[in-house]
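Following: one structure in structure tokens, then a few remarks.
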Amino acid sequence: MDWITMSLEARNLAYNNVEHVGPEKARKKTEAWAAASQTLRQQRSKHLDLAYGNGERNKWDLYPANDPKAPCFVHIHGGYWQRGSKEIFACLSEGPLARGWSAALCGYTLAPEATLTQITNELKSAFDWLNAKASEHGIQGPIIVSGWSAGGHLTSFILDHPKVAAGLAISGVFDLGALRDSPHVNDKVKLSEKEIQNLSPMRRSIVNKPLGIAYGTGELPAMIASSRDYHAYRSQGHVPGDLIPIANTNHFTILDELRQPNSTLTRAVIAMAEY
């Protein structure tokens, strides 16, 4: 599937995941995550809202395991760089936590307050902080970063950080040019041509670290193609990382996998630490 040949109307709908799933279903799913995440944060409240920068959202939530040297699952939230928060998605660490891992979630400034360039720079600062400070909070193991949707893009971007051992990108968009003419994204994100060129994983150098790429088989065809195309692009560099289709899931329900300790997606996270 080539987004370049689509009409503007078709291109906009091709990447509109909320419309595809249905706004009411997306809202209910997000509210359920938020409720479960509030419970987890209350139960594990010792290392929350640790500032890595000056911005209001420049904060980490850390959930150290009993074993400081256990791997750490880091999740970068989605929402097309304009919605979402670490507070909503904390529950996605339930699967890795149940496997004895540590977990961590970071916030970042959202568009339109921040450009995508600023967001990616904040991510670099966040992982610099994690590199310097995580051990003080009981996290000394390898960092396996995951992210969903916009967070899938950011996972790919941050893979080259020296603190990151491997990653799992879930349902991301990897050529930002596809979103240039999508009002539901670009009215707020306002991608520049320079950002499309410099921040699109499909246009960046291949990072030689393991990166699993997952998508739901019930997602929009263009979203599925995005993951498949990016996996093919990385395969040209003979770098490690599986393509992981999750059967009978859409752009939202795929995330429930991470809440289960023995699901396909949680096992994929675990495998990232074993490369």
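Here is how the numbers come out for the structure above:
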item	result
Extreme residue, surrounded by the fewest Cβ atoms within 10 Å (Cβ to Cβ), among residues of the range 84-98 that are in contact with a Phe, Trp or Tyr (Cβ under 7 Å, 6 or more places away or on another chain) and not aliphatic (A, V, I, L, M)	91
Those residues of the range 19-49 which are small (Gly, Ala, Ser) and either in a helix (DSSP H, G or I) or in contact with a strand residue (DSSP E or B) (Cβ under 7 Å, 6 or more places away or on another chain) (or both), in sequence order	26, 32, 34, 35, 36, 37
Enumeration of residues in the range 225-240 that are without any contact (Cβ under 8 Å) to a residue 24 or more places away in the chain and surrounded by 15 or more Cβ atoms within 10 Å (Cβ to Cβ)	228, 231
Unmet requirement for residue 197, which otherwise passes all of (1) farther than 22 Å from residue 265 by Cα; (2) at pLDDT 95 or above; (3) in contact with a Lys or Arg (Cβ under 7 Å, 6 or more places away or on another chain); (4) open to solvent by less than 40 Å² (accessible area, probe 1.4 Å)	(4)
Failed item in (1) part of a helix (DSSP H, G or I); (2) among the hydrophobic types (A, V, I, L, M, F, W, C); (3) over 20 Å from residue 258 (Cα atoms), with residue 111 passing the rest	(1)
Hits in the range 115-139 (condition: crowded, with 16+ Cβ neighbours inside 10 Å and either among the aromatic types (Phe, Trp, Tyr) or over 18 Å from the mean Cα position of the chain (by Cα) (or both))	127, 129, 134, 137, 138, 139
Residue that is nearest to residue 16 (Cα to Cα) [pool: residues in the range 200-224 that are in a loop (DSSP other than H, G, I, E, B), touching a helix residue (DSSP H, G or I) at 6+ places or on another chain (Cβ under 7 Å) and open to solvent by less than 30 Å² (accessible area, probe 1.4 Å)]	220
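Every residue, every condition in (1) in contact with a Leu (Cβ under 9 Å, 6 or more places away or on another chain); (2) in contact (Cβ under 8 Å) with a residue 60 or more places away in the chain; (3) closer than 21 Å to residue 252 by Cα, yes or no:
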| site | (1), (2), (3) |
| --- | --- |
| 9 | no, no, no |
| 42 | no, no, no |
| 52 | yes, yes, no |
| 70 | no, yes, no |
| 76 | yes, yes, yes |
| 85 | yes, no, yes |
| 88 | no, no, yes |
| 91 | yes, yes, yes |
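Here is a yes/no grid of residues against (1) open to solvent by 20 Å² or more (accessible area, probe 1.4 Å); (2) within 20 Å of residue 130 (Cα to Cα):
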{"residue": "54", "(1), (2)": "yes, yes"}
{"residue": "62", "(1), (2)": "no, yes"}
{"residue": "72", "(1), (2)": "no, yes"}
{"residue": "82", "(1), (2)": "yes, no"}
{"residue": "106", "(1), (2)": "no, yes"}
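The values are calculated or read from the model by the stated rules, or taken from the named source; none is laboratory data. Please read these numbers as outputs of a predicted model, since none were measured by experiment. Here Cβ is always computed from backbone atoms with ideal geometry, including for glycine, and neighbour counts include all displayed protein chains. Accessible surface is based on the protein model in full, side chains and every heavy atom, while ligands, DNA and RNA are left aside. Shrake-Rupley method; radii C 1.70, N 1.55, O 1.52, S 1.80 Å.
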